[in-house]
Structures are given as C-alpha cells and as structure tokens.
Amino acid sequence: LNVYILLLAKTGRGKEAIASGLGKLMGPVKAIDGNGGGVPGADEFLGPQEIASGQALIKYMSKTSRSFVSIISEFDGFMASLVSRNAPPSTVKLKQILLSAYSRSGRGQRLDKSIYSESEKNVAVIPSPAVTIVGEGTPERFYELLSEELVGDGFLPRFSVIEYEGARPELNASFNRVEPDAGLVQAVARL
C-alpha cells in the first residue's frame, strides 16, 4: 500500500499539476453531497508537503493520519538532504522511517513504537501505515545524487521513477475552468 513515485522533468513541463490536480479533485470530494453532506475527513488523506524529520513523520502518522499521500516538490533537494553524509540525526531518522514504513503496510503489519526520554513524545505502534510519496524534480539534479550506496541501502529501489523527456506542452487557455469528472469525484468519495 506504500507507493513512492518520482516524476522527473525539465523546468516548465507541468510537474506542479500533480499537486494542483489532486487539490482540485479533493475539494469537491470534501464538499460532495448526496444528501447534504460531504466527506470532511478527505483532507486527512492529503499528507504534508514537507517532512522535517523522522520524529515529525511518526508523530503525524500516530496523531493525524496513517494513510495519506504527500506530494513533495523539488524532491531532488529533499533527497539530497536524505543522502548527505553530513545529514543531521533527524534527517537520518526520516530516511529510516521511510525505509521501514514502505514494507509495513499490509494486514497485520505495523511500525513499532518509538520512545523518547520525554515520555510525552512517545508514539504507540502504528498499524499498517499507508504512506504514499509523490516527488517531482529535475533529472539533472536527481542524477547527480545517484550512488551505489543509495541503491544498496534500498532507498532508491523503493521508488518508481518516471522521466518525461518531451517538449514543453502548450498552455491550456481554459485550465482554470476545468473541473473533475463527477463520476471520479463520487468514486473517490465512496472510497
């Protein structure tokens, strides 16, 4: 259930449509009304666009949502901090949590509890976390970061990497009037 996707494309190719499209879909899902009510909890499935540390991610999963998609812009910069040899402990912990959570989403799986010297920071077991990361970045910066270590520690192999090498699409003059299909909105609301 955990999916890590990375979209690589040159500047100006429309990568930001991932976040804007999801936002445009989830707005109507939240407001949808079959009998006067929407799905107010829909926002819980939209995760943070920035994750500062492993501890922050664990706390988010335990207190806010354990099933979400986070869209991280400029993912190559985010990844650079994760793979840096001089990364601070909080960033090292973030990479560790992303590695662990990836394989712990199935039935009966769990992300084990975390304890700290200050007990109010402790986090209980998180059952079946479903964390989806969608990153977007430029191929040049991403490929500079590649190393055998990145592949060997299992971080990079967890990602489905999609690279768009095509031309810049023409501007859609009516982009601001596009609305999600009602059937798709209904299906996502039911889900």
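When the Gaussian network model of the chain links Cα atoms closer than 10 Å, the mean-square fluctuations of 137, 54, 152 top out at 152.
GNM on the chain, C-alpha springs below 10 Å: top fluctuator among 169, 89, 139? Greatest mean-square fluctuation among the candidates belongs to 169.
What part of the accessible area of the stretch 72-191, given as a whole %, is carbon or sulfur when the probe is 1.4 angstrom?
Carbon with sulfur: 52 percent of the solvent-accessible area.
Beta bridges assigned by DSSP with both partners in the chain are antiparallel in approximately 15 percent of cases. In the structure displayed, which of 10/95; 24/121; 24/63; 63/95; 10/63 lie more than 28 Å apart, Cα to Cα? Where the Cα-Cα span goes over 28 Å, the pairs concerned are 24/121; 10/63.
The eigenvalues of the Cα gyration tensor, multiplied by 5 and square-rooted, give the stretch 1-154 an equivalent ellipsoid with semi-axes of 27, 24, 13 Å from largest to smallest. Globularity index of the stretch 1-72 is 1.30 (Cα radius of gyration / 2.2 N^0.38 Å, N = number of residues).
In this structure, residue 31 and residue 107 have a Cβ-Cβ separation that, at R0 = 45 Å, corresponds to a calculated FRET efficiency of about 0.90.
When the Gaussian network model of the chain links Cα atoms closer than 10 Å, the mean-square fluctuations of 134, 69, 125 top out at 125. Using the Karplus relation 6.51 cos²θ - 1.76 cosθ + 1.60 with θ = phi - 60°, the per-residue 3J(HN,Hα) values for the stretch 140-148 come to 4, 5, 5, 5, 5, 7, 5, 8, 4 Hz, with x marking Gly and Pro.
Annotation: amide H of residue 7 within the under-5 Å range of 135, 136, 137, 162, sequence separation 5 or more or interchain, hydrogens built in the peptide plane.
The values are calculated or read from the model by the stated rules, or taken from the named source; none is laboratory data. This one's a predicted model, so the numbers in the text were calculated from it and none came from an experiment. Here Cβ is always computed from backbone atoms with ideal geometry, including for glycine, and neighbour counts include all displayed protein chains. Keep in mind that these areas ignore ligands, DNA and RNA; they rest on the heavy atoms of the full protein, side chains included. Shrake-Rupley method; radii C 1.70, N 1.55, O 1.52, S 1.80 Å.
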